[in-house]
Structure formats: structure tokens, C-alpha cells
């Protein structure tokens with residue numbers, strides 16, 4: 001099967017190269033036969049790569065430890081669930097996953113996109129083929145997942161225990177899907193540039209894809225935070241790690257695009273900016289893949305340790321040069337169809353929102369790359385950790401939160417003073433009142449106060465928008481309020497789904513603010529002994545060590561400590577935290593013992609218990625107790641965000657007239673306009 | 001087939017012997033374990049296999065929970081390669097031997113009467129500036145802190161200027177047709193405001 005896999009990779013590579021050539025030539029020379037061939041090449045490539053995926057999964061499930069990848073990431077006693085996910089647990093497998101999913105998305109884009117956009121198809125097929133061919137070439141020449149060992153080990157090394165978590169089964173594919181699906185909007189953007197059809201047509205074609213990318217990235221990032229929180233045991237969910245930052249960068253620029261594209265759709269403005277955002281988002285997704293694979297962030301010198309890094313650097317530079325050269329060549333065709341009428345307008349507020357989103361992306365990128373820059377300029381390595389990122393980004397994030405509320409309150413084109421007064425009165429009062437109440441109640445953390453106060457302001461804008469819309473429908477159509485609310489949402493999913501996304505963002509910011517009140521302590525307890533920790537809400541948790549048990553599970557030896565939890569003397573239940581020594585099928589330890597956290601969660605706070613280890617081989621154990629306020633709201637906020645995203649991208653959602661208005665000038669070509 | 005299985009399988013006597021031996025072995029292995037002592041402390045029972053619980057740890061002391069010590073350790077990066085600060089690493093990665101050693105060094109320096117900044121400085125002297133979780137605010141590092149904010153401020157100012165130019169151009173363009181249309185029926189400011197409000201409402 002591995003021979004079949006390698007052959008499938010070669011086939012995919014050759015077909016991909018042909019597809020790229022045929023697509024570009026077919027589009028430029030207006031040759032339908034070549035265009036059709038490029039389209040078919042994407043389908044063929046997809047088929048070949050799915051065969052390669054099947055071959056690797058076959059090797060994984062059949063424990064073919066002669067295959068280096070299988071031996072490195074699985075063992076005989078690895079649960080089936082994680083054997084499947086080993087496909088993308090390592091670099092080589094994840095490259096295959098990337099390429100295969102890209103060709104699936106490419107095929108779907110070519111099949112599902114309405115025929116009226118067919119002028120873009122050859123270029124889209126060419127770009128998808130080219131990008132997928134790059135990934136396949138990296139596998140063939142530097143990181144072949146089917147490479148064999150000179151010997152066959154009795155058992156594999158097994159999967160890293162930290163990856164043996166349900167969050168890790170879903171989190172990486174979600175992020176990959178987000179990264180990969182950005183290629184489709186990018187391909188359409190390139191197609192628009194190459195075909196010189198730079199009206200809103202290509203935007204209409206990619207609307208669902210941009211939302212899909214954004215949604216996958218959002219879910220992937222939230223799942224990653226959840227995994228880090230429950231699995232890594234450090235008591236937090238975001239550490240500004242380069243890998244985390246790499247996922248945040250395209251999310252920020254895609255969020256900026258989703259806002260600014262509305263201006264292009266409604267007013268025919270910001271064409272240059274929107275194209276730049278799509279190209280930038282895609283380059284950032286490749287950049288994220290590059291920095292997480294090359295080791296370039298740890299040190300400038302570690303860059304030489306990975307051949308894959310050179311491949312990605314070359315591709316990134318070549319793609320950026322080609323994309324922006326083409327972009328520059330088409331700038332004269334990207335003139336705006338309208339001009340801004342007032343500084344106090346929704347267009348202007350969206351532009352400032354874009355400025356902040358892109359500014360935060362730049363700030364994160366700058367911080368991520370600063371160690372390299374410092375080493376190059378000063379010859380000194382520096383560490384850029386959470387203190388740096390928090391200091392630089394928290395104020396920017398708060399400003400963005402404020403604009404999240406301001407944007408929807410300002411009218412399109414021009415807002416008058418009475419209009420502003422009417423729109424801002426209630427939300428500003430709600431925000432100010434919340435801020436004052438919390439300050440009087442004794443909250444002294446400035447950033448937390450600002451986050452909650454601004455959160456109340458944004459939430460009030462959302463409630464106000466829903467209330468006004470519902471009331472308007474009630475008056476106009478005589479619908480009962482509940483029906484009016486439902487129809488309001490159903491008839492304008494984009495706008496009101498967007499408000500639900502804003503609600504999710506507010507919940508996330510308030511939840512982040514909760515971490516300012518995190519408390520923790522380390523204790524050593526013998527069985528029967530208790531320790532107390534005081535919550536920021538004022539109550540006292542008492543944890544009593546009940547004892548330690550040791551037992552064998554499927555692929556691990558477990559040492560479990562059990563604690564009884566009481567709050568203000570009232571028994572809440574039992575909490576268990578574990579040390580796990582993973583072993584292979586022969587009983588040999590495969591990794592260092594890992595920690596399983598015990599978490600008791602409610603709406604107000606999490607009690608987070610970690611078994612550090614034992615003293616002198618006895619049941620006397622070292623624990624870390626942490627109280628993390630409002631953590632549950634991070635997951636809830638993520639769910640609301642995803643729900644809002646789903647509502648926005650759900651098919652339908654408005655009378656055709658609205659769609660026609662939104663598409664507006666979509667049918668007008670640049671040539672016609674001149 | 002049935003006969004062969006019967007020949008190949010253990011007899012009842014053999015099975016009993018194996019079971020007895022297993023129980024004896026289990027008893028022998030469990031012999032050192034002491035019964036748990038609940039409520040009131042006392043010696044804790046030994047674990048069956050302590051190695052499974054990771055590295056042996058020393059009991060936590062009051063100094064380990066000292067907020068000042070923790071604040072110092074949160075400024076210093078563990079040099080094991082984990083990218084965590086010393087405090088987070090020693091209370092998270094219990095397999096790391098570097099962060100406990102760095103923690104002991106912090107405690108020793110504090111016991112020697114060194115202040116927080118002096119302890120941090122001692123680590124920088126020994127390990128270089130990369131041992132700090134954030135670059136010190138001096139020299140080129142200032143660029144690290146201020147370039148993003150400055151860039152956003154400059155871009156914001158440029159954006160404001162560009163928007164102003166656009167709005168002025170738009171106003172000038174609108175003025176000409178407005179003059180032409182002056183002969184027609186003009187709307188009062190109140191009517192325009194009402195129209196704007198209605199358009200706002202309809203865009204809902």
C-alpha cells in the first residue's frame with residue numbers, strides 16, 4: 001500500500017503541474033479545452049491524493065511499523081480514535097492532509113460555484129493545482145510519509161500523550177480546514193486579477209468560502225484553547241506561543257476582510273484593500289504553516305535544521321512576489337465607484353476597525369518575529385513571551401472591542417448628530433453604568449474594568465438593534481414580537497448573525513478579563529489532610545486528599561489522586577487528577593509521565609487541580625490548586641461566535657431584492673464602466 | 001479440534017497453581033504498602049509503583065508559595081526549552097529538572113538578601129538577556145514595544161487624512177449638481193433628517 005501511496009503522490013504531482021499549466025494557458029489564451037483539462041486535473045489530483053491518504057491510513061491501522069511515520073506516531077495499543085488522527089499528528093502526514101483537503105475544496109469550488117462565474121474557473125483550477133503541487137513536492141522531495149525504515153520495530157513509539165485528547169482529534173483538522181480553505185478565495189482573487197474582471201463578481205463567488213474559512217479558523221482556535229486548558233495543565237488557554245499566533249494572524253485579517261467587503265458590496269469602494277486582505281490572509285496561512293514547521297522562531301540557526309523550512313520560505317517569497325506584482329499591475333483597474341461622504345459614517349468606522357484588526361495582526365506578527373529580528377540586528381537572542389504580548393495587545397484589543405459596538409450604531413454614508421445621539425444614548429449609558437458599578441464594588445483591575453464596561457456597551461448595541469428591528473416588524477407587519485424576532489433574523493441573516501458573532505466576541509472578552517483574578521497555590525497533603533483556597537468571589541474552597549490509587553488502563557499506567565471538594569463547608573463532590581505513564585504494547589514506557597487535570601467548572605469559576613507528584617513514593621502528594629474565574633464563558637463565547645458564523649453563512653436569508661441590491665453592480669464589468 | 005484444545009489448555013490443577021502463585025506474588029509485592037491513614041495525618045502509605053507517578057517531589061514550603069518569589073520567577077524563562085516561565089514550568093511540567101533547579105537558585109539568592117531586580121539581573125548575567133520572558137525596555141528592544149502602536153497611530157493619522165480628502169472631494173462633487181437642481185423643489189433639513197431616519201430603519 002505504501003508503494004501505491006508513493007505512486008499516487010507522483011501522479012498527483014504530475015497531474016497538478018499539468019493542471020496549473022493548462023489552467024493558466026486556458027484562461028489567458030481563452031482555450032476551453034485547456035480550461036476543461038485544468039478542471040479535470042483538480043478532480044484527478046483529488047482522487048490521487050485520497051488514494052494516498054487511504055494508503056497511509058491503511059499503514060497506520062495495520063501497524064506497518066516499517067513505515068517510519070507509522071512507527072513514529074502510533075503503537076499497537078493506541079486507541080482507534082487516535083490512530084486515525086495520527087494522520088495529521090506529524091509533519092509528513094499533515095502535509096498530505098493539507099494537499100488532499102485543498103484538492104477536495106478546489107473540486108467543490110469548481111463544482112458548486114455557479115456557472116456565471118466560469119470565467120474564473122481555469123485560473124482557480126490553476127492556482128489550486130499549483131498550491132497542491134507544492135505541498136506534494138515537499139512530500140516527495142523532503143518529507144515522504146511513506147518513507148520506510150531499514151528495519152521493522154516490534155512496536156511504534158506511540159502518540160504523544162498530550163495529543164491523546166479528544167480536543168486534539170478535532171482541533172488540528174479544524175485549523176487546517178481554516179488555513180486550507182483560504183486558498184479558494186485567494187484563487188478567485190488571482191483569477192479576478194488575471195482575467196481583469198475586478199468588479200464585485202469574484203466577491204460574490206467567494207462569499208461563502210471566506211465565511212467558511214473564518215468559521216473553521218474560529219472553531220479551530222477555540223478548540224485549541226480548550227485543549228491547552230484541559231490537557232497541558234498550566235491553568236490557562238492562551239500563551240502567545242508562535243503556533244497559536246500563527247493561527248490568529250489569518251483569523252484577524254479574514255475578520256477585517258469580512259467587514260471591509262461589505263463596503264465594496266454596498267458602495268463599490270475598497271477594491272484594492274479587499275484584494276490585498278485576501279492575498280495577505282492566504283500568505284499568512286502559508287506563513288503560519290512555515291513557521292510551525294521550520295523551527296525558525298526558536299532561533300535563526302535552527303532554521304537550517306529543516307529542509308521543509310527552505311521549501312516553504314521559497315514558496316512564500318515566490319507566491320508573495322507573484323501575487324503582489326500582479327496586484328500592482330492591476331491597480332489602475334481597481335478604482336472606487338463611490339467616495340466617502342462623511343467621516344462619521346459606517347464606512348469610516350469599518351475602515352478604523354480594519355486598521356485595528358490589521359494593526360493587531362501586525363503587532364502579533366512583529367512580536368512573533370522580533371526574536372529573529374533582534375538576533376539579526378543586535379546579535380542577541382531575546383524571548384518574547386506573554387508579558388510582551390499582553391502589554392502591547394490588550395489596549396489594542398480593547399479599542400477593537402469599542403469599535404465593535406460603535407460600527408453598527410453609525411449609519412451608512414453619513415450620520416447626523418441627532419441620529420448619533422439616538423443610537424448611542426442607551427449603549428453608552430449601559431457601558432458607563434456597568435463600569436461605575438464594578439468600580440464602586442471594588443474591582444481595581446483597569447483592563448478588566450474596561451473589558452467588562454465596553455462589553456456591556458457592545459452588548460447593549462446588539463440588544464438595541466434586535467429590539468428596534470423587532471419593533472419595526474411588529475409595527476409594519478403586525479407580527480407578534482417572537483415571530484418578528486425570528487423573521488428579523490431569518491430575513492437578514494448576514495446582519496443579525498453578525499450581531500450574534502459580536503455577542504460571542506463580547507463574551508470572550510469578558511471571560512478573558514476573568515483571568516485577571518486567577519488565584520493559585522501549591523500544597524503538599526497526606527491522605528486525610530485538607531487545604532483551603534479563597535475564591536475571588538469571597539468563598540473558601542476546602543480540598544481534602546482522600547488517597548491515591550494506581551491501576552492499568554488501555555495504553556497507560558494511571559496514578560490517580562482523589563480529593564473531596566467543599567465550598568464554604570458545603571460538600572460539592574469528588575475531583576480526580578492523574579499522572580499517566582503511557583506504555584507500548586510490550587509494557588515499555590513510551591513518554592515521560594503526563595498530567596491529567598481535575599476540573600470542576602461552573603458559570604462563575606473553575607477549580608483546577610493538578611497532581612504534581614508524590615513525596616518519597618508515598619501517598620503524600622504535591623498539588624497545585626488554581627481558581628480561574630469565568631473560564632466556562634470562553635467556551636460558551638466560542639460557541640456563540642460559531643453559531644453566529646453559521647447563521648451568517650446559512651443559505652438563503654433574505655428576499656431576492658436585498659441580494660440584488662447587495663450584488664448591485666456585480667454584473668457591471670470594469671470595461672463597461674469605463 | 002476439540003480434543004487438541006483440551007490438550008493444549010491448562011488443567012484445573014495447573015490453573016489453580018498459577019492463580020495461587022499470582023496471589024502470593026501480588027501479596028509479596030503489596031507487602032511494603034502501609035494502610036492509608038486518614039484524618040489526622042501520620043505516615044502516608046507507599047505507592048505500589050512510585051515510578052509511575054513521575055519524579056519524586058519535595059514537600060511544598062511556604063517560600064514556594066511566596067508571591068514575591070512567584071513574581072520574580074514569572075519574569076524568568078525556564079532554560080529547558082519549554083518557552084514557559086520558571087514558575088509555570090515548575091508547577092506544570094513536573095518532569096522538568098531545570099525549573100526546580102532555577103527555583104532553588106531564586107530561593108538561595110533571596111535568602112542571601114538579594115532584591116527582586118537583583119535576582120533577575122543575576123540570571124541575566126548567567127544566562128543572557130534571553131532568560132527574560134520579555135525583552136528589557138532599552139535600545140533596539142524599544143522598537144519591539146513601540147513599533148506596533150506607533151505604526152497603528154501613524155496609519156490611523158494617514159487614514160484620517162485620506163478620509164478627510166475623500167469626504168471633501170465628495171462634498172465638492174455633490175455641490176455642483178445641487179446647484180443645478182436648485183431650481184427644483186428643495187427638501188428642508190427636517191425632511192432630509194426624517195428621510196435619513198427612515199432609510200436607517202429600512203436598512204434594518
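Values quoted throughout were computed directly from the atomic coordinates according to the rules given, and no laboratory measurement underlies them. Quantities reported herein were computed from a predicted structural model and do not represent experimental measurements. For neighbour counting, all protein chains shown are included, and Cβ atoms are generated from backbone atoms with ideal geometry for every residue, glycine included.
Some points to look at:
- Pairwise inverse Cα distances across the range A:584-628, averaged and inverted, put the Kirkwood hydrodynamic radius at 12.8 Å.
- Ranked A:69, A:229, criterion: other C-beta atoms within 10 Å, fewest first: A:229, A:69
- Arranged from fewest to most other beta-carbon atoms within 10 Å of their beta carbon, A:416, A:37, A:285, A:129 become A:416, A:37, A:285, A:129.
- Peptide A:339-350 is shielded by partner chain Cβ atoms: per residue, an average of 4 of them sit within 10 Å of its Cβ.
- Exercise: per-residue mean of other protein chain Cβ atoms within 10 Å, B:156-165: 3
- Pairs of alpha carbons in the range A:1-158 separated by more than 25 Å make up 35% of all such pairs.
- The range A:50-209: relative contact order in percent, alpha carbon pairs under 8 Å with at least 6 residues between: 34
- Global form of the range B:53-131, assessed from the alpha-carbon gyration tensor, a/c cut-off 1.5: oblate
- Prolate/oblate/rounded label for the range A:518-632 (Cα gyration tensor, a/c 1.5): prolate
- Distance between the range A:113-142 and the range A:235-260 - C-alpha centres, whole angstrom: 26
- Cα-only Debye scattering, the range A:357-431: base-10 log of I(q)/I(0) at q = 0.11, 0.13 Å⁻¹: -0.48, -0.58
- Counts of other chain beta carbons within 10 angstrom of each beta carbon in peptide A:573-582 average 1.
- Global form of chain A, assessed from the alpha-carbon gyration tensor, a/c cut-off 1.5: oblate
- Relative contact order computed over the range A:518-632 (Cα-Cα under 8 Å; 6+ residues apart), in percent: 24
- Relative contact order for chain A, counting Cα pairs under 8 Å that sit 6 or more residues apart, in percent: 12
- Over the range A:405-506, the pair-distance histogram of Cα-Cα distances with 10 Å bins from zero comes to 15, 37, 33, 12, 2 percent, rounded to whole numbers.
- Mean ellipticity per residue at 222 nm, deg cm²/dmol - from DSSP H runs of n ≥ 4 across chain A, formula -39500 (n - 2.57): -21000 deg cm²/dmol
- Restricted to Cα atoms, the range A:109-263 shows a radius of gyration and a Dmax of 19.3, 61 angstrom.
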